[in-house]
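Just below is one structure, and these are the notes that go with it.
The values are calculated or read from the model by the stated rules, or taken from the named source; none is laboratory data. Please read these numbers as outputs of a predicted model, since none were measured by experiment. Don't worry about glycine lacking a Cβ; one is built from the backbone with ideal geometry, like all the others, and counts go over all protein chains shown. Just so you know, the surface numbers come from the protein's heavy atoms only, side chains and all, with ligands and any DNA or RNA stripped out. Shrake-Rupley method; radii C 1.70, N 1.55, O 1.52, S 1.80 Å.
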Amino acid sequence: MNERVANLAWPLARLNEAMESLARQTHLLPRAVEIPPPAERLARSGPDMLSSWMGRAADALGIEAEQVEATYDRVEELVSRAAPALFYVPLDNGPHYVAVVAGRRNSLRVLGPDSRLHKLAPADLCEAVREALETPHLAEVEALVDRAGIRGRHRAVAAAGVLRQRLAHARLLGCWLLRPGSEAPIMRHVRQAKIPGQFGGLIGSHAAQHVLWILSWWLLGVGALSGRFDKGWLYAWALILMAVVLIRAYGLWAQGRLAIGFGAILKQRLLHGALRFDTDSARRTGSGQLLGRVIESEAVEMLALGGGLLGVMAVVEVAAAIWVLAIGPGRGLIVALYCIWLLVVLGGSVQFYRRRRRWTDARLSLTHDLVERMTGHRTRLVQELEEHIHDGEDTLLERYYELSRHMDRTAVVLRATAERGWLVLGLCGLGPAFVSAGVTPASLAVGLGGVLLGAAALRKVADGLAQLFDSAIVWRRVAPLYRAAVAPENHGSPEHTLASTSIVTEGRTDGAALEARDVTFRYRPAGEAVLKKCDLDLRSGDRVLLEGPSGGGKSTLAAVLAGQRRSESGLVLLDGLDRNTIGERNWRRRVALAPQFQDNHILTGTLGFNLLMGGDWPAEESRLLEAQEICRELGLGPTIERMPSGLRQAVGETGWQLSHGEKSRVYLARALLQRAEVVVLDESFAALDPHTLRTCLDCVHRRARALLVIAHP
C-alpha cells in the first residue's frame, strides 16, 4: 500500500466525520446533526456491507450517497471523475476511506484526517483501490512471471498486464458519490453540476461571436464603400470568420452540455416527486390529469432550455443591435423607435401567452375527458343510453377549435410583424439620413446593418418568449410533482436510524414489536372515520390473519402500520418508538407492505430490478442469488428457467409478460427481499391456486420474522 494513501485515509471509526467534513468542504450544506460512527462489525465483509449505513447516514445529513461500481480496467476513469466521493481502501489495520474533493486526470484534491486539503496522484489511489482484488491473485501471478523468466524492470509491467487481463471485468464497489439531497433547493444541484460556469461560457461565446460578426461586416463595408480592398483587409476578414466558426462550435458544445446537465437535474427532481406523490391526491386527480402531467413534464425541459437559451441570445443580439444603431445615422431617433417596437413585441407576446394558456387548459381537459371515458368505457356502455354516450363532446371540441384559431392568429401576426414591421419602421427612421448630404456611405452601411441585426434579434425575442411562456404554462401542470419532491420529510433520530443498519446487516432473526393503540383514521376531516380506536400487537414470530368485509378498513390499517398514512389520533410504535423518532424512510424499510394487486406494479426493467427495487440497486451478486432462491421457493423457478436471461430478463409492458399469478408472487418476493422486521401482505394470495398458495405460505412462514396477512373471510 502506498504510504501517502495510508496517511490520507480516514479510519472506519471516523467515517461519519469524513462524510460530514467532505460534504461541508464541497458546499453540500449538510444538516447540523451528530452522526454516530459505524459499528466495527459492519465492515468485516468489505465495503459492500456499508452501503446501507452510507445511505442512511447521508439521509440524516440531508445529502445523498450513491454507491457506484467500476470494472478493474476502468478504475482510472472513475478515480479522475468521481468527486466528491469516498473510496474504500483496505489497510493492514482495518478498512479506511479516502475523501476526494475534486479530481483531474493528473491530480486529486483529497481531504485528509487533519481536515486539510492535500494533493494525491490518481495512480496511487487506483493502486490502493485495486489491492483488495489483486491480493488473492498475486502469488499465482508471481509464479507465472517466474516461469516465464521475466526479470528486471519488465517484471512489474508483465505482472500488471496479467492482472489487468485476468481481472478486467471484475467489479469494484468501494466508491460512494456524494451530492445534494433530493429535498435541497434546485440551485444547489445546479451549482454542484457546475452549470453556472457553462451558462457563462455560453453567453460569452455568443457575445464574442456577434462582436466578431459585426467587425467582419464592418471590414467588408469599409472596403466596398471606399473603393479599395487590400489583401491585408481580406486576410483579416477571413481570420475573423474562422474565429466565428470556432466560437460558434464551442457555443454549440456548451449549449449541449448545459442542456444535458440541467435536463438530468430536472428529470431527477420530477421523477423523485412522482415517486413521493400522494396516492390519495393521485386518485382524486384522475388518470387523465396524471397522464397530462406526464406528457407535459416531457415538454418542460425542452421548452425551458430552448426558450431560456434563445431568450439569452436574443438579449445579447438586442444589445448589439442597439449599440450598432446608436453609432449609425439617426442615432437617438432610430434607437427610440427600436425600443418602442420592442415594447410592442413584448405586449403582443403577453397577449399570445394568455391565449396559449387558455388553449392549453382546453387541450388538457380534452385529454382528461378522453382518458376517463376510455377507463370507464365498459361501465358507460352498461349504464348510459346509446344516444347520450357522446353528449358534450361536440361542445368541448368546438371550444377547443375556437381557442386554437385565436391562438394561431395571434402567433402568426406576432411572428410576422415582429421582424417585418421593424424593417419598415427602421427604414423610415433611416430616411432622413439617406437624403442628408452630410452622411457618409460607411455610416449608412452601419445603419442598415443595425436595422437588419435588430430585425433578427426581434425574431429571436418573439420565439424565445413564446417558448418561455409555453414552459410557464406547462409548469403550472407539472408543479405538483416538483412540490412533492421538495416537501420536507422526517428523517428521524440519526442514532436510531443508523442503529437499525446493524440489525439488517447482522442478519438479526428476531422481529420487531409493532403496536397500534387507539388508532383513528379518516380520509377527510369531516368524513366518517374508517378506523376507530383500533388496537394491534404484533411480536416477533407472530403470524396474524386479519379478515373482514370489503370497505371495512383492512387496507387502510395496513397503510397506517406500514407508514404510508398517518393516523388522526392514537399511537403506532415500532420497538416502542414512533415514526418521528425512527424516520419515514427507515420505518418503511423495517415494515414492508405488499399492497393489493391494483396498487402494485411491474415496472419496465429486468426481473431482478423488480424484485430488489425495495433495496439498493444495482444489487450485489449475493442479493441476486437470494432473490433467485426466494423465487424458487415461491414456485417461480420454472418461469425464470424459461426466460433467456434469467433475472436479467426485461419484463413489463415491453418485455416478458407475466401472468396474474406470477405477478402476485413477484410482489411477495419483493416484500420478503426487503429483509424487513415486519411483513404486511394485503390480499397477496387471492390470485393463487390452492397448491401454489400452500407453497407460497410455507415460504412466507419461513422468511418473515413477524407477519400480518389481510384476506377476505
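How much accessible area per residue does segment 598-672 have, in Å², with a 1.4 Å probe? Present the calculation step by step, with values, prior to reporting the outcome.
Values: 3530 Å² over 75 residues.
For segment 598-672, the solvent-accessible area averages 47 Å² per residue.
Skip the ligands, DNA and RNA, and give the accessible area per residue of segment 234-283 with a 1.4 Å probe, whole Å².
Details: 3110 Å² over 50 residues.
Accessible area per residue, segment 234-283: 62 Å².
Using a 1.4 angstrom probe on the protein heavy atoms only, could you order TRP218, TRP656, TRP176 from most to least accessible area? Could the numbers behind the result be given before it?
Numbers: TRP218 120, TRP656 75, TRP176 0 Å².
I get TRP218, TRP656, TRP176, largest accessible area first.
Would you kindly derive the ³J(HN,Hα) couplings of segment 88-97 from the backbone phi angles with the Karplus curve 6.51 cos²θ - 1.76 cosθ + 1.60 (θ = phi - 60°), listing them in order in whole Hz, with x for Gly and Pro?
Residue by residue, segment 88-97 yields 7, 10, x, 10, 5, 9, x, x, 10, 9 Hz.
Farthest toward the dipole's positive end in the chain, which of LEU125, PHE597, CYS428, given Cβ charges of +1 (Lys, Arg) and -1 (Asp, Glu) about the Cα centre?
The Cα lying farthest towards the positive end belongs to CYS428.
If you place +1 on the Cβ of every Lys and Arg and -1 on the Cβ of every Asp and Glu, how big does the dipole about the Cα centre of segment 525-621 come out, in debye to the nearest 20?
Numbers: 12 positive and 13 negative charges, 45 e Å.
Approximately 220 debye in magnitude.
Pop out the ³J(HN,Hα) list for segment 206-220 in order, Karplus 6.51 cos²θ - 1.76 cosθ + 1.60 with θ = phi - 60°, rounded to Hz; leave Gly and Pro as x.
Karplus values, whole Hz, x for Gly and Pro: 5, 5, 4, 4, 6, 4, 5, 5, 5, 5, 5, 5, 5, 4, 5.
What residues have an amide H closer than 5 Å to that of VAL101, excluding those fewer than 5 places away on the same chain, when H is modeled at 1.01 Å from N in the peptide plane?
Counting only residues 5 or more places away or on other chains, the set is ARG109, VAL110, LEU111.
Give, rounded to the nearest 20 debye, the magnitude of the charge dipole that segment 38-188 has about its Cα centre when Lys and Arg contribute +1 at Cβ and Asp and Glu contribute -1 at Cβ. The partial results should precede the final answer.
Numbers: 20 positive and 19 negative charges, 98 e Å.
For segment 38-188, the charge dipole is close to 480 debye.
What's the FRET efficiency of MET187 with VAL68 using the Cβ-Cβ distance as r and R₀ = 25 Å, to the nearest 0.05? List each step's numbers first, then the result.
Numbers: r = 25 Å, r/R0 = 0.98.
Taking R0 as 25 Å, the efficiency between MET187 and VAL68 is 0.55.
Let me check something: with ligands and nucleic acids excluded, how do ILE247, ILE265, ILE260 order by accessible area (1.4 Å probe), largest to smallest?
Values: ILE247 40, ILE265 20, ILE260 125 Å².
Of ILE247, ILE265, ILE260, the descending order of accessible area is ILE260, ILE247, ILE265.
What dipole magnitude, in Debye to the nearest 20, does the chain give about its Cα centre under +1 on Lys/Arg Cβ and -1 on Asp/Glu Cβ?
Values: 84 positive and 75 negative charges, 434 e Å.
Around 2080 debye, computed over the chain.
Quick one: angle between helix 393-435 and the longest Cα principal axis of the chain, in degrees between 0 and 90, rounded to 10, please.
40 degrees
As a test, work out the antiparallel percent of DSSP beta bridges whose residues both lie in the chain, rounded to the nearest 5. Each step should come with its number before you reach the end.
Numbers: 41 of 55 bridges.
Antiparallel: roughly 75 percent of the beta bridges in the chain.
Which percent of the accessible area of the chain is formed by carbon and sulfur heavy atoms (probe 1.4 angstrom)? Numbers along the way, then the final one.
Details: 21000 of 36160 Å².
Roughly 58 percent of what the probe reaches on the chain is carbon or sulfur.
Let me know the longest stretch in the chain that avoids all trypsin sites (Lys or Arg not before Pro) found in a DSSP loop with at most 16 other C-beta atoms within 10 Å.
332-507
What distance in nm separates the simple spin-label points at ARG4 and ARG164, each placed 7 Å from Cα in the Cβ direction?
For ARG4 paired with ARG164, the spin-label model returns 2.1 nm.
With all protein chains present, calculate the accessible area of HIS691 using a 1.4 Å probe and round the result to the nearest 10 Å².
140 Å²
State the label only: which of [x] 90, 53, 53; [y] 103, 94, 50; [z] 102, 71, 68 corresponds to Cα extents along the principal axes in Å computed from the shown model?
Read-out from the structure maps to [y].
Just the accessible area per residue of segment 69-131, please: how many Å² with a 1.4 Å probe? Display every interim value, and only then the final one.
On the way: 2880 Å² over 63 residues.
Per-residue accessible area for segment 69-131 comes out at 46 Å².
Summing -39500 (n - 2.57) over the DSSP H runs of n ≥ 4 in the chain and dividing by its residue number, what mean residue ellipticity at 222 nm do you reach, to the nearest 500 deg cm²/dmol? Please list the in-between numbers first.
Details: 24 runs with 430 residues, N = 713.
Taking each H run of at least 4 residues, the total per residue is -20500 deg cm²/dmol.
Where does the charge balance sit around ASP146 when Lys and Arg score +1, Asp and Glu -1, over other residues with C-beta under 13 Å from its C-beta? Mind dumping the intermediate values first?
On the way: positive: ARG147, ARG151, ARG155; negative: GLU140, GLU142.
My count for the surroundings of ASP146 gives +1.
Express in nm, to one decimal, how much length is gained between ARG257 and ASP542 on full extension, taking 0.36 nm for each residue of separation and deducting their alpha carbon distance. Let's see the in-between values first.
Numbers: separation 285, 0.36 × 285 = 102.60 nm, distance 5.55 nm.
Full-extension gain reported as 97.1 nm.
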